[in-house]
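Down below is the structure, laid out as structure tokens.
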Amino acid sequence: QVQLVESGGGLVQPGGSLRLSCAAAGSVLRIASMAWYRQAPAQQRELVALATSFGTTNYADSVKDRFTISRANATTIDLQMNNLKPEDTAVYYCNADLVTQSGRRNMYWGQGTQVTVSS
């Protein structure tokens, strides 16, 4: 059974930084892509950053030049968030499109971690 274990959320002042981490635990054969989403109150969940298995990265316009998605290892993905703004406040979810040892390819979600940017 595959699980995404997420950590790193918290409270930070505007202009500060946080680093989120998401580790895939279980029998993972191949990771097609890993991504971070966020959902603010009364807002739809939106894609923040995406990293493919071959190194391509994509970012939402609102976080370009401030956020960086990267793979710490084969099964862990980080989101470095710099120059945080109040509008970045949301629940952040990691997401992975992966193939398990059983041969199944599915989307998996982390439990979500709260990021609050406030003075």
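The values are calculated or read from the model by the stated rules, or taken from the named source; none is laboratory data. What you see is a predicted model, and the numbers here were worked out from it, not measured in a lab. When we count neighbours, we look across all protein chains shown, and the Cβ atoms used for this are built from the backbone with ideal geometry, even at glycine. Surface areas here come from the heavy atoms of the whole protein model, side chains and all, with no ligands, DNA or RNA. Shrake-Rupley method; radii C 1.70, N 1.55, O 1.52, S 1.80 Å.
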* Shape parameters for segment 42-119, alpha-carbon atoms, Rg then Dmax in Å -> 13.8, 48
* To do: Tell me which residues come under 5 Å, amide H to amide H, from Gly112 once H is placed; ignore anything under 5 positions away on its chain.
  => Cys94
* Write down the percent of antiparallel bridges among all DSSP beta bridges whose residues are both part of the chain, to the nearest 5. => 95
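With all protein chains present, how much of the accessible area of the chain (probe radius 1.4 Å) comes from carbon and sulfur, to the nearest whole percent? All intermediate terms of the calculation are to be shown ahead of the outcome.
Details: 2890 of 6360 Å².
Looking at the chain in its full context, I get 45 percent from C and S.
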* **Per residue, in Å², the accessible surface of segment 57-99 once ligands and nucleic acids are set aside, probe 1.4 Å** => 44
* Arg105 to Ala72: extension gain in nm, 0.36 nm per residue of separation minus the Cα-Cα distance? -> 9.7 nm
* Positive-end residue of Thr56, Leu79, Gln114, charge dipole of the chain with Cβ unit charges -> Thr56
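Given axes a ≥ b ≥ c from the Cα gyration tensor, I'd like to know whether segment 1-92 is rounded (a/c under 1.5), prolate (a/b larger than b/c) or oblate. Present the calculation step by step, with values, prior to reporting the outcome.
Values: a/c = 1.80, a/b = 1.64, b/c = 1.10.
Prolate, because a/c is 1.5 or more and a/b exceeds b/c.
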